[in-house]
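Input: a single structure, listed below in structure tokens.
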Amino acid sequence: MSGPVRRQVKLFAQLRSAHLERAHQGEPATVFHRDRRFDFDETLLPGLDVRQLGALATGWALFRSAAEVVEVNEPLMAHGLVRTSVALAALDARRLLRRRDALVVSYAIENRDPFRSPAGTGLRTRVRRRVERRLAGHVSRHLDRLAFGTPDAEELYATLLGPALRRTTTRAVPAVSAACDCLSGADTGSAGGEGLVVFLGALGARKGVPQLMAAWPEVARRRPGTRLALRGAGPLAAEVAAWTHTVPGVDLVEGASRQEVHALLRRADVLVLLSQPTPTWREQVGLPLVEALAHGCAVVTTSESGLAPWLAAHGHRVLSPAAAPQEVADAVLAALSEARPRASVLADLPAEDGRLAAERWLTGARDHAA
């Protein structure tokens, strides 16, 4: 889409369907992005101002714009720092040459130090990490407001970027969704009752797919008729597809539409996401967890997610990422046997989506930000 840039601008390194759904609910904004995730659903684009541009083109568009609020990628998103720095340079130039200022804000969920180099890292990578750390401080010093989606993120930012954020107004807004709009008029007084377990997301090792596959035969043995629905795509897709033919009650759909995902979660009893740490990655929140909660599903996950403390406090099952297959099976079966009513899960959720609440605070009038 072309034309004037709107009052509010959002910058994304990668855009996914959930971002588009949220954009339909929030204040109209121009969304600039570089890449699109595997779950990107183009049917959600109508009515939105979404532009896929490189860093320089985005900077030029911002310089020419009259944007009043610009939401940038969080400072600890290392792979987005150059793009964000270019955007901030454009805003600085606009302020000096065109006398137009903008409120610069961000939303943070990073829970792992992105600048720590694993043992054996080469000189080139170590130098890049140092440059990224400096850029993160530079971006932080530009921020007027910063919202934290998890306690882990708030603690990490205080540790790594505390001095650079001295002049930034911050607030914690938990990254928990409200009940999904698609439940309007649906019966939420009971559990799904179908014995349906769902995995939603990237079919890869870091999302715990091998752990789920190892545990599932025990679930099927102890509770015949239980079904597992996997929705996603990724490096293990072929292996998962072959595996589904060896275990009863398991099906895989790659490239499911957002409408199909919502329908599936409305029927599901339990969502499983067994996130695993890697030397260069840790689960920040886990969007499938947020979406499952918004549909009233019970959750089985690991302590890697930034939402793990909230989930444990609200009756969901949080395992060690090193949990044995038997422990995973026990947790899934316990969640199924509990048959927690959807209304019970939904009652723990905020009245307003956490990300939208954060956006409302981030983009509000300056004198109402405190």
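The values are calculated or read from the model by the stated rules, or taken from the named source; none is laboratory data. Since the structure is predicted, the reported quantities are computational estimates derived from the model, not experimental observations. FYI the Cβ positions are ideal-geometry reconstructions off the backbone, even for glycines, and counts take in every protein chain you see. Just the protein is used for accessible areas: all its heavy atoms, side chains included, with ligands, DNA and RNA removed. Shrake-Rupley method; radii C 1.70, N 1.55, O 1.52, S 1.80 Å.
Filtered by the rule that a residue be in contact (Cβ under 8 Å) with a residue 40 or more places away in the chain and acidic (D, E), region 16-48 gives E21, E27, D39, D41. Filter region 235-247 for residues that are within 20 Å of D269 (Cα to Cα) and either in contact with a Lys or Arg (Cβ under 6 Å, 6 or more places away or on another chain) or buried (at least 18 other Cβ atoms within 10 Å of the Cβ) (or both) and give the result. Passing the criteria: none in range.
Every residue in region 308-349 that is of a type in the set (S, T, Y) and farther than 13 Å from L273 by Cα, please. Scanning region 308-349 gives S337, S344. Please enumerate the residues belonging to region 19-70 that are farther than 22 Å from L103 by Cα and among the hydroxyl-bearing types (S, T, Y). Scanning region 19-70 gives a single hit, T43. Whenever a residue of region 68-85 is farther than 16 Å from N111 by Cβ, its partners that are in a loop (DSSP other than H, G, I, E, B) and open to solvent by 20 Å² or more (accessible area, probe 1.4 Å), lying with C-beta atoms within less than 6 angstrom and at least six residues away or across chains, give the pairs E68/R7. On the stretch given as region 248-257, residues that are crowded, with 17+ Cβ neighbours inside 10 Å and either of a type in the set (G, A, S) or at pLDDT below 95 (or both) total 2.
Can we say V104 is under 22 Å from R171 (Cβ atoms) and in contact (Cβ under 8 Å) with a residue 60 or more places away in the chain?
Working: under 22 Å from R171 (Cβ atoms): yes; in contact (Cβ under 8 Å) with a residue 60 or more places away in the chain: no.
Taking the combined requirement at face value, the residue does not satisfy it.
Within region 1-49, the only residue that satisfies the criterion of being in contact with a Lys or Arg (Cβ under 7 Å, 6 or more places away or on another chain), under 26 Å from L88 (Cβ atoms) and of a type in the set (S, T, Y) is T30. For region 270-292, a residue qualifies if it is open to solvent by 20 Å² or more (accessible area, probe 1.4 Å), over 21 Å from H19 (Cα atoms) and not in a strand (DSSP E or B), and the qualifying residues are Q276, P277, P279, T280. Residues in region 253-266 that are touching a residue at least 40 places away in the same chain (Cβ under 8 Å) and either in contact with a strand residue (DSSP E or B) (Cβ under 6 Å, 6 or more places away or on another chain) or under 18 Å from G286 (Cβ atoms) (or both): R258, V261, H262, L264, L265. Entry remark, region 312-341: residues being aliphatic (A, V, I, L, M) and in contact with a Gly (Cβ under 8 Å, 6 or more places away or on another chain) number 2 in total. Filtering region 288-313 to residues that are in contact with a strand residue (DSSP E or B) (Cβ under 9 Å, 6 or more places away or on another chain) and either more than 16 Å from F199 (Cβ to Cβ) or modelled with pLDDT under 95 (or both) leaves S303, L307, A308, P309, L311, A312. Here region 115-127 is the region considered, the condition is being open to solvent by 50 Å² or more (accessible area, probe 1.4 Å) and either among the hydrophobic types (A, V, I, L, M, F, W, C) or touching a Phe, Trp or Tyr at 6+ places or on another chain (Cβ under 9 Å) (or both), and the residue that is modelled with the highest pLDDT is V127. The combined condition, being at pLDDT 95 or above and not aromatic (F, W, Y), is fulfilled by A205.
Is it the case, given these coordinates, that L356 is crowded, with 22+ Cβ neighbours inside 10 Å and out of contact with any His (no Cβ under 6 Å at 6 or more places or on another chain)? When the stated conditions are applied, L356 does not pass them. Do the conditions hold for P309, that is, is it in contact (Cβ under 8 Å) with a residue 12 or more places away in the chain and more than 17 Å from the chain's Cα centre (by Cα)? No, not satisfied.
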